[in-house]
Every structure is written in C-alpha cells, then in structure tokens.
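The next block holds one structure in the form of structure tokens; read it before the comments.
The values are calculated or read from the model by the stated rules, or taken from the named source; none is laboratory data. As the structure is a prediction and not an experimental result, all values here were calculated from the model. Quick reminder, even Gly has a Cβ in these numbers, built from the backbone with ideal geometry, and neighbours come from all protein chains shown.
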Amino acid sequence: MLGLLVPLAIHLWSKKEAKTIKIGSVQLLDESNSRQSSSIQLNEWLLLLLRMLIVGLVVLLMAGPQWRIKPNKKQITYLVEPSLAHHSSLVGLLDSLGESSRVLLLKQGFPEWETDMELPSEPMVPSYWQLVQRMDSLASDSIVVFTRAYAEGIKSRRPKTHKKIHWVVMESDTLAGKPFLAYQREKEMELVSLQGNGQTTYFKKQTLSDGFSVQEDSLKLEVDGNIQTIPVLDLDTVYVNIMADTEFETDRQYLEASFRALSKFLDRKIQVQSVDADVENEVGLNIWLRKENWEPKQGKWLIFKEDILSNKLIKESEQQNVYWLTSKLNTENTTEQHFTEQLLRLLDLDAAVTPSVTQYDQRQMDVAELKPNYVGEPKKKERATLLDVSQWVFWILVLLMIAERVTAYVKRQ
C-alpha cells in the first residue's frame, strides 16, 4: 500500500510556483477565467483520487480478496469427482439432490454439476487434500464427497479443516485379466495383463503360443470373442560401455557382475563391453572410470567422482543424464547399499511403459486414511467461510481505469 504515495508525490511535485508574466492590461480578464481555473483544480484532485484508488485495487486484487459469509449449517453441499459425474449408480441420486442441495464437481473452482455437461474422456485425478483446503470457502458446514479416492491424488501433508467432510468411496471396476502390453522376445511373445481392483493391482505375465497375430508394432489378440489391439515392445539388447584405467579393474569386475545379475533377473540380454574410446553407436549407459577429466558428451553417463559424504554409490549430478559414482566398489558397499538396484534405476528400462502404468493405476485409499484433520468450530478471528470476490474487484478496477482516462482527457481540454 506504500504505492499510494506515488500518485500523491507526482501530484505535489507538479504543484510548482507559478511564473509571473508582465502584461499591459488585465481588462479582458473576467470571472469566467476564475471558474475555469476552479474546474481544472477539481479535475486534478479527482484524477489524484482515481489513481490512488486504482493502485489500491491492484494491491487488493493481488492479495486475493475474500468476503466473510455466514455458513448455513443445515445445508449440505455434495461434491462429485468428475470421473463419477455420469456414473450409472449416481446419476439418479444426483438428480434428486440437485433439487434441494448444491451439487458441485470436485475440481478447482468447484463448478456446478449439470446433467448434460461435457467432461473429458480421460479425467485427471484430483488432488484431494489440496481441494480440502479450499472447501473452507463453501457456504455450508457439512460436505459429502463422492470420490474414487485414488492413491495417486494424495499429495502433500494431511490438511486441517473446519468443515465436517464425509467421504463416500466408490469402488473401482475389477481389472480381471485386462491385457496391457506385450513383449517380443527372441523366440516367444510374452503378454502382460493388468489384474486386481481398488485394493490390489498387479501385473501377470504369460507366454503366448497361439490365438494371436502380429502386425508391425501391434498384437491382435482374441479376448472373449473380441479382437483387441495391444502394443508390442521389442526387448532389444541393452549395451553398456565401460571406459576404465587399469587401477579401476576391480570396479569394472563388480560392474560386470552386477549387470550379469540384472540380466538374469530381468530375463533380458545386457551386453557389457570395455572400450578404449567413445563409440558412436547409441548405448544404454556409458561408464567413465578414468583419472583424466570427463568432457560433456551425449548419452547417459556414470562417472567416477569420489564423495566421502554421500550415502549413495550413485548420485545424480546437476547435468541431465550425468551421474556420479561416489566411491570405489568393494564387497561391503555394493551389498549394504544395494548397488545392483541403483544400477537398475539408472538404466530406467521401463521408461516407455511408465506413463501407461500410471494411467491404469487404480489403487484406492481407505476412508480412514483419506480423512483430513478436523479442528472443530472456527473462532471469530479465524478464517471461516469466505467468498472469493476477486472478479468483482477486477471489474471495478476496469471501470476506474476508464474513468481515469476520461477525466484526464477532459482536464487536457
């Protein structure tokens, strides 16, 4: 609000002492000049007031103005997760509720629910706890939330609220034997199916012998009399290049042993090769075990850089796709710090599959785990039910800016 001093300072600065101009006669000056001078002074003060109001409203708008309203403790507000808005078991209930109570969508702004409203085909999972913090602005004291309670939507710390929130968790559809993707191995086709429900979700692998056909990068599979198209991923050989000096011979042997263990565990071929210089072909990982400084190059790199304070053998650097090997390898640290698992995360072999896995993640939270911390009735001085009035302040600001421009134009005239 100290910005209000700016238009005031400009106004006072412009009030300089008038210059005296000697003229021969003042007979032609009459009272109209005096009235015109008074009008100019009035416009100056009006301009000053308008400009100070504009600065004040800009500050108010940036602060997010809210108006305190008295909540209706008897009214119940119903919130529905967008993915449930057209749920067959809820449509009839929501129609009846809409006649007597407010039905809102569980998303930013809490828009009104309407029967014929269009929703995205793949709705985003709401951030439940972030929305709980905004529920204090709703007019009613009691809130019922219809939700799928996906674990993906639980982020940040458990919030506190003055509202009485009752969660109704709708069970997710069972995913029994839903084909997900297929892997093309050297001599066989492996199908991955998604199974489970809201409590457990897991993947089942099986080798296909017949009943399918492959077209380019897709698998045509007959399921319950219907033909489904499933993406096929080639399990190409993963190449690892190691560039090492003789003093790192032990470290190179530990690395090779770790990759052999990963290859057997993943049932995927990982070829480790020692090279004297950089090779141009694309590889999954390059490992630099040399005294000479490493110069930035393309690809993913693991570079030896000792760090006695690090609690991990593999540490991410500030550069993208560059990682530090923080200590020389031995039996003790490779076992205690699970070095092989760190290498697996570094290879990131499931990068192409991760987005699809996230899409089908339908794990649900238990109601007891989903509930926020209820802190009871708010005190008078605490923020209770507030109504966002930013939109009204914005339009008042627009009107004042128009009035300021008109007044400034009249003043120049």
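Run residue 343 past the list (1) assigned to a helix (DSSP H, G or I); (2) at pLDDT below 85 and report the number of the one that doesn't hold.
Just one mismatch for residue 343, condition (2).
Taking region 197-214 as the region of interest, how many residues are surrounded by 13 or more Cβ atoms within 10 Å (Cβ to Cβ), touching a residue at least 40 places away in the same chain (Cβ under 8 Å) and farther than 18 Å from residue 354 by Cα?
Residues in region 197-214 being surrounded by 13 or more Cβ atoms within 10 Å (Cβ to Cβ), touching a residue at least 40 places away in the same chain (Cβ under 8 Å) and farther than 18 Å from residue 354 by Cα: 2 in total.
Please go through region 215-236 and give me each residue that is closer than 14 Å to residue 184 by Cα, surrounded by fewer than 13 Cβ atoms within 10 Å (Cβ to Cβ) and not acidic (Asp, Glu), ordered by number.
Answer for region 215-236, where residues must be closer than 14 Å to residue 184 by Cα, surrounded by fewer than 13 Cβ atoms within 10 Å (Cβ to Cβ) and not acidic (Asp, Glu): just 215.
Do the conditions hold for residue 80, that is, is it at pLDDT 80 or above and either surrounded by fewer than 18 Cβ atoms within 10 Å (Cβ to Cβ) or not hydrophobic (A, V, I, L, M, F, W, C) (or both)?
Numbers: at pLDDT 80 or above: yes; either surrounded by fewer than 18 Cβ atoms within 10 Å (Cβ to Cβ) or not hydrophobic (A, V, I, L, M, F, W, C) (or both): no.
No, not satisfied.
Which ones in region 103-160 are on the phi < 0 side of the Ramachandran plot, of a type in the set (Gly, Ala, Ser) and out of contact with any Phe, Trp or Tyr (no Cβ under 6 Å at 6 or more places or on another chain)?
Pass one, region 103-160, residues on the phi < 0 side of the Ramachandran plot: 103-108, 111-148, 150-155, 157-160.
Of the ones still in play, those that are also of a type in the set (Gly, Ala, Ser) are 121, 127, 137, 139-140, 142, 151, 153.
121, 127, 137, 139, 140, 142, 151, listed by residue number.
For the condition in a strand (DSSP E or B) and farther than 25 Å from residue 352 by Cβ, what is the one hit in 222, 190? Don't jump to the end; show me each part of the working.
On the way: 190 fails: farther than 25 Å from residue 352 by Cβ.
Result of the check over 222, 190: 222.
Does region 205-221 contain any residue that is closer than 30 Å to residue 170 by Cβ and acidic (Asp, Glu)?
No, every residue in region 205-221 fails to be closer than 30 Å to residue 170 by Cβ and acidic (Asp, Glu).
Take region 347-367 and flag every residue that is under 26 Å from residue 290 (Cβ atoms) and surrounded by fewer than 16 Cβ atoms within 10 Å (Cβ to Cβ). Reasoning before the result, please.
Within region 347-367, the subset under 26 Å from residue 290 (Cβ atoms) is 347-348.
Of everything in region 347-367, just one residue is under 26 Å from residue 290 (Cβ atoms) and surrounded by fewer than 16 Cβ atoms within 10 Å (Cβ to Cβ), namely 348.
Select from region 275-292 the residues that are among the small types (Gly, Ala, Ser) and surrounded by 15 or more Cβ atoms within 10 Å (Cβ to Cβ) and list them in ascending order.
Restricting attention to region 275-292, the residues satisfying the condition of being among the small types (Gly, Ala, Ser) are 277, 284.
Selection gives 284 alone.
Could you give every pair whose Cβ atoms fall below 9 Å, whose first residue belongs to region 243-265 and is at pLDDT below 95, and whose second residue is basic (Lys, Arg) and in a helix (DSSP H, G or I), counting only separations of at least 6 or pairs across chains?
Going by the 9 Å Cβ cut-off, the qualifying pairs are 244/252.
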